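Undergrad: Have a look at the structure that comes next, please.
The values are calculated or read from the model by the stated rules, or taken from the named source; none is laboratory data. Just so you know, these numbers come straight off a predicted model, no measurement behind them. Methodologically, a virtual Cβ is constructed for each residue, glycine included, from the backbone with ideal geometry; neighbour enumeration extends over all protein chains shown.
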Amino acid sequence: MATPAADTKSSVDPATGSTREKSLSVMQRRWRKFKSLRRGWYSFIALIALYALSLLNPLLINSRALVVSYQGDLYFPAAAEWVGGRLYEAKEFGQRAIGEAEYRRLAEQYEEADEGDWVLMPPYPFHPNENLLREPGLAGNPPHPPQARHWLGTDDRGRDVFARLAYGFRVSITFALVTVSMYYLIGMFVGSVLGFFGGRVDIFGQRLVEIWAAIPFLYTVIIISNLLKPGVWLLAFVLAIFSWVGISFYMRGEFYREKAKDYAAAAIAQGESRRSIMFRHILPNSLTPVITFAPFAVVGSITALVSLDFLGFGLQAPTASWGELVNQGKQNIEHWHLVTFPLAALFVTLQLVVFIGEAVREAFDPKVFSRLR
Amino acid sequence: MAGDALLTVRNLHTHFHVGDTVARAVSGVSFEVRKNEVLGIVGESGSGKSVTALSLIRLIPDPPGRIAQGEVLFGGRDILKLSYEEVGKIRGRDIAMIFQEPMTSLNPVFKIGKQLTEPLLFHYDITRAEARERAAAALDLVGIPDPRRRLDEYPHQFSGGMRQRVMIAMAMICDPAILIADEPTTALDVTIQAQILELMLKVQEKREDASVILITHDLAVIAETCDRAIVRYGGKIQEAAPVAELCETPLHPYTKGLLASIPHAQEKGHRLNAIAGNVPSIFDLPLGCKFSTRCKDVLDRCHTEEPELREVTPGHWVRCFLMEDLV
């Protein structure tokens, strides 16, 4: 059973040395409970760490050098690309080639010349959009199986699968987070307004929501995709404006329940404004279902992007995306690495998010025991 | 009804629309709250006493509820005609409310300190530190030990009685002219009911002309705490009188029945007296006198005509044909 200590957190005040009890809000207690659920908590840490790493992709997985030291001057091509600076041409570094410098060759060239110039490449020196057919060890027709330099092999255009998966991970997670935040904002706002005001606002509002929900998502996306060639942001926006309806139902229901409670009446009796009652009093008490649902919404968004890319209505080539890789796996089913690795990456990522979702759900569950005696 | 009235209610009608039917929870109620008095409103469940109180500060959920007509005059203005923002300035500051259920009337996500300081910051131009000081003082006044530390605790760390004290502190923090208490002790243990009632009356210590409207179904509570009492039945006032007079010489058969049904320690072994029958459904009130279906002394005309509320002796009003001879 819960002890009184479960509600408070002891911390020793360094000045007085005395123990002071700190009160924990409901959310803080849920957060502690979430942290105590190992599988979900470690999945959460793993996913956050992977995503943080993937944000550094241009410095970790790139064909452009991190640092080039040429005739005593230092250049930072990878960083320059990242912040949107200019690209360096080959001749600027004394390389005999047209167009942009090829840094892996440049490194070899400097080594042979031995004039004190050097190149520092990223740990995995291949770009996801780079055609590697001229690389040593990649003779013949793509796709190539996994090998020491190309961990997961290449795809059917001779591009490195590992690099594409890593960049695709960043795209997937970013897309999911952006989409979910956008449609949560819309859904929560609409649901709160309908639930709080009720009456005619609710009756007419609900009908409009239903009409909106009846617009077929896939056709709209196909049309938009053909007209506009969407990027990540536009695609996230389109998915968001078609996904908020479910969240608005949750919020509407919660608001209907919460506004009938005495604390809402008490807040009105204190003379507070409608906005304050809606967003400061009722909203924080209505979040349980939508927060519990959030990880599963992320799963949904990742899957949606993969499906759209798989069908070819998603992100434009040559953006590294998982759906496109899965599609390659389908078309080259005899090349096991093209089938296995993208699907495994997708599976592991979704599984991590689901573990987080399970833990969140359990942390929000008011019942300590999950079954009756 | 004359005197220095603080709040005057005239011909108040509050209806609830349920499907095609209309429940007349309050139909034509008029009364006044004088300065520095404790007014009790007593009645059975469904007599519309809570709805009356909620109507005073427009807390009726609309829909399904609606204040169909009437006036609630406070400070020369009709509260029922003000805009939401204007009523907001009166709510909490001039008229405050204590709710029945202490377990649900504090917001579970706010610390006690935040809930207490909120009305102060909303109604007055003061700093957070000053508001906090006043909140601590208010908690101290309602007898919560170590108030400064408890300001940083959440409602779930308080017991029911303690929460009701916090509610009282919250209602009293702006020194309101009128404190409406809707069955403040119903959900509490009998042992702390008396303490809570006493605390509530402290509002009059802080502000001399302050009044309390106490809504209850417990005549004993009325007898102990109130100056004047209104007896409600079937959405209407049946009798209104100073408490001492009401208890000694009740005139309405319903009041007599209520008083007779209070158990006495000396009558051990006897069956408890009860008023026969049930409260009529709010959708199907009797045509004439609302109490005619249960009245022991019912006359023929009671079923078809409704008596007027008359002042039979100074300050003592009653709605009953039997009392017309007294006039």
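Undergrad: Is there a residue being of a type outside the set (S, T, N, Q), at pLDDT 90 or above and surrounded by fewer than 17 Cβ atoms within 10 Å (Cβ to Cβ) anywhere in the stretch A:257-267?
TA: yes
Undergrad: Among residues belonging to the stretch B:111-124 that are more than 8 Å from every other protein chain (Cβ to nearest Cβ) and touching a residue at least 12 places away in the same chain (Cβ under 8 Å), point out the one that is surrounded by the fewest Cβ atoms within 10 Å (Cβ to Cβ).
TA: The extreme case among them is B:Tyr124.
Undergrad: Are there any pairs with C-beta distances below 6 angstrom linking a residue in the stretch A:94-106 that is closer than 13 Å to A:Arg64 by Cα to a residue that is surrounded by fewer than 19 Cβ atoms within 10 Å (Cβ to Cβ) and of a type in the set (Gly, Ala, Ser), with the two at least 6 apart or on different chains, and if so which?
TA: A:Ala101/A:Ala90
Undergrad: A further question on this structure: Would you check which residues across the stretch B:279-314 are touching a Lys or Arg at 6+ places or on another chain (Cβ under 8 Å), in a loop (DSSP other than H, G, I, E, B) and either modelled with pLDDT under 80 or surrounded by 13 or more Cβ atoms within 10 Å (Cβ to Cβ) (or both) and list them?
TA: B:Pro280, B:Ile282, B:Leu285, B:Gly288, B:Cys289, B:Lys290, B:Glu306, B:Pro307, B:Leu309
Undergrad: Still on this structure: Out of (1) out of contact with any Ser or Thr (no Cβ under 8 Å at 6 or more places or on another chain); (2) within 14 Å of another protein chain (Cβ to nearest Cβ); (3) surrounded by fewer than 24 Cβ atoms within 10 Å (Cβ to Cβ); (4) touching a residue at least 60 places away in the same chain (Cβ under 8 Å), the odd one out for B:Ala210 is which?
TA: (2)
Undergrad: Can you tell me which residue is farthest from A:Gln331 (Cα to Cα) among those in the stretch A:264-314 that are within 12 Å of chain B (Cβ to nearest Cβ), in contact with a Gly (Cβ under 7 Å, 6 or more places away or on another chain) and among the polar types (S, T, N, Q)?
TA: Selected residue: A:Gln270.
Undergrad: Now a separate question. Can we say A:Gly253 is at negative phi, away from chain B (no Cβ under 14 Å) and more than 21 Å from the chain's Cα centre (by Cα)?
TA: Working: at negative phi: yes; away from chain B (no Cβ under 14 Å): yes; more than 21 Å from the chain's Cα centre (by Cα): yes.
Answer is yes for this residue.
Undergrad: Which ones in the stretch B:203-250 are at pLDDT 85 or above, small (Gly, Ala, Ser) and under 23 Å from B:Thr293 (Cα atoms)?
TA: If the condition is that a residue be at pLDDT 85 or above, small (Gly, Ala, Ser) and under 23 Å from B:Thr293 (Cα atoms), then B:Ala240 is the only one that fits.
Undergrad: From the list B:Leu80, B:Leu106, B:Leu56, which residue is within 17 Å of the chain's Cα centre (by Cα), among the aliphatic types (A, V, I, L, M) and either within 14 Å of chain A (Cβ to nearest Cβ) or more than 18 Å from B:Glu183 (Cα to Cα) (or both)?
TA: Sole residue among the options that is within 17 Å of the chain's Cα centre (by Cα), among the aliphatic types (A, V, I, L, M) and either within 14 Å of chain A (Cβ to nearest Cβ) or more than 18 Å from B:Glu183 (Cα to Cα) (or both): B:Leu56.
Undergrad: Same structure again: If I ask for residues that are part of a loop (DSSP other than H, G, I, E, B) and either within 7 Å of chain A (Cβ to nearest Cβ) or without any contact (Cβ under 8 Å) to a residue 40 or more places away in the chain (or both), which ones from the stretch B:89-103 would you list?
TA: Listed by number, the residues that qualify are B:Gly92, B:Arg93, B:Phe99, B:Glu101.
Undergrad: What pairs come out if I take residues in the stretch A:199-210 that are at positive phi and pair them with residues that are of a type outside the set (S, T, N, Q) and not in a helix (DSSP H, G or I) whose C-beta lies under 8 Å away, six or more apart or interchain?
TA: Filtered contacts from the stretch A:199-210: A:Gly199/B:Asp62; A:Gly199/B:Pro63.
Undergrad: Given the options B:Ala138, B:Ala169, name the one that is more than 22 Å from A:Phe279 (Cα to Cα), without any contact (Cβ under 8 Å) to a residue 40 or more places away in the chain and aliphatic (A, V, I, L, M).
TA: After ruling out the rest, the residue left standing is B:Ala138.
Undergrad: Could you list, ordered by first residue, the pairs with Cβ atoms under 9 Å in which the first is in the stretch A:308-329 and under 13 Å from A:Ala345 (Cα atoms) and the second is outside any loop (DSSP other than H, G, I, E, B) and among the basic types (Lys, Arg), at least 6 apart or interchain?
TA: Partner pairs satisfying both residue conditions: A:Ser321/A:Arg164; A:Trp322/A:Arg164; A:Leu325/A:Arg164.
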